[in-house]
Amino acid sequence: MFALYPRHWRKQYTFLFPMPSTPVSGVDAKILEELMKLYLLLPLLLILTTCSEICHAGYSVYVSPQVPEFVTVNGPYGTENWPNSEGQVLHPDHFCKPANYSRFTPEESRRTEIIRSSTGTLTDVQVLAVCPDILNVKYQRLWEAASAWERRNISGVALSLLTLGVSQGKPKALAIAAWSNRLWTDTYYPRKALISLNSEPDYDFSVVGDMPFSVPELAAEVWGQ
């Protein structure tokens, strides 16, 4: 069997597969060769699968050096203590920081930033441990964008009017309800599901279009005018 493999295979991979001295030919040899190729690919496939699940390549942890809260300067009335502006300085490749971040504290966890790094391999769990609100900010911004598009068309008392019209099975009210469903169920929630640490959702909801009927048209239908 050993004699059936390409020469470069024989040189590189004999340590992985003890080869019997009796040659094998035909279909069995072909099957074994394909199995050998698959075996050699398994480590690479495992790495790719694992990274697609947990790796957040491109980000690293950076702990800022502690700085004093005040610095001594020579003021107009002698020596004075002024707030240290260095306390607000972030790493040039800053990505996110904890809500209680401070360079004045001796606590390293509060001086920790997540920075962009070409060699970084932080997991999503590690990034969220430092910046737990980073996804919530994106969720909130997306919800506000969808809500603003809805309010642009209908809001307040008109929503109650829409509910009444739907309960009565009014065609225009049902059409507006279907439009609202496209906004939230078909557009907002799928976009929310795709939000990740290193991606921004599309905050433009104009693709949904305007409400098919105006509020006066809805009121006229519901009240039979």
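Bear in mind these aren't lab numbers, they're just calculated from the coordinates by the rules spelled out. Treat the numbers as computed from the prediction; the structure is a model and nothing was measured. Every residue, glycine as well, gets a Cβ built from its backbone with ideal geometry; the counts of neighbours run over all protein chains shown.
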If amide H atoms are modeled at 1.01 Å from N in the peptide plane, then the residues at a separation of 5 or more from VAL71, or on another chain, having amide H under 5 Å from its own are TRP82, ASN84
Under the 7 Å Cα-to-Cβ spin-label approximation, PHE70 and ASN136 lie apart by a distance in nanometres of 3.4
Amide H contacts under 5 Å for THR123, restricted to residues at least 5 apart in sequence or on another chain and with H modeled in the peptide plane, are HIS56
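In the neighborhood of GLU113, defined by Cβ-to-Cβ distances under 12 Å, what is the net charge if each Lys or Arg adds +1 and each Asp or Glu adds -1? Mind showing how you got there, number by number?
Values: positive: LYS97, ARG103, ARG110, ARG111, ARG116; negative: ASP93, GLU108.
Taking every Cβ under 12 Å from that of GLU113, the sum is +3.
So if R0 is 22 Å, what FRET efficiency would ASN198 and ASN100 give, r being the distance between their Cβ atoms, rounded to the nearest 0.05?
On the way: r = 24 Å, r/R0 = 1.08.
The pair ASN198/ASN100 has a calculated efficiency of 0.40.
What is the packing order of peptides 133-144, 165-176, taking the mean over residues of other C-beta atoms within 10 Å and listing the highest first?
Values: 133-144: 13.8, 165-176: 16.2.
My ranking of the peptides, most packed first, is 165-176, 133-144.
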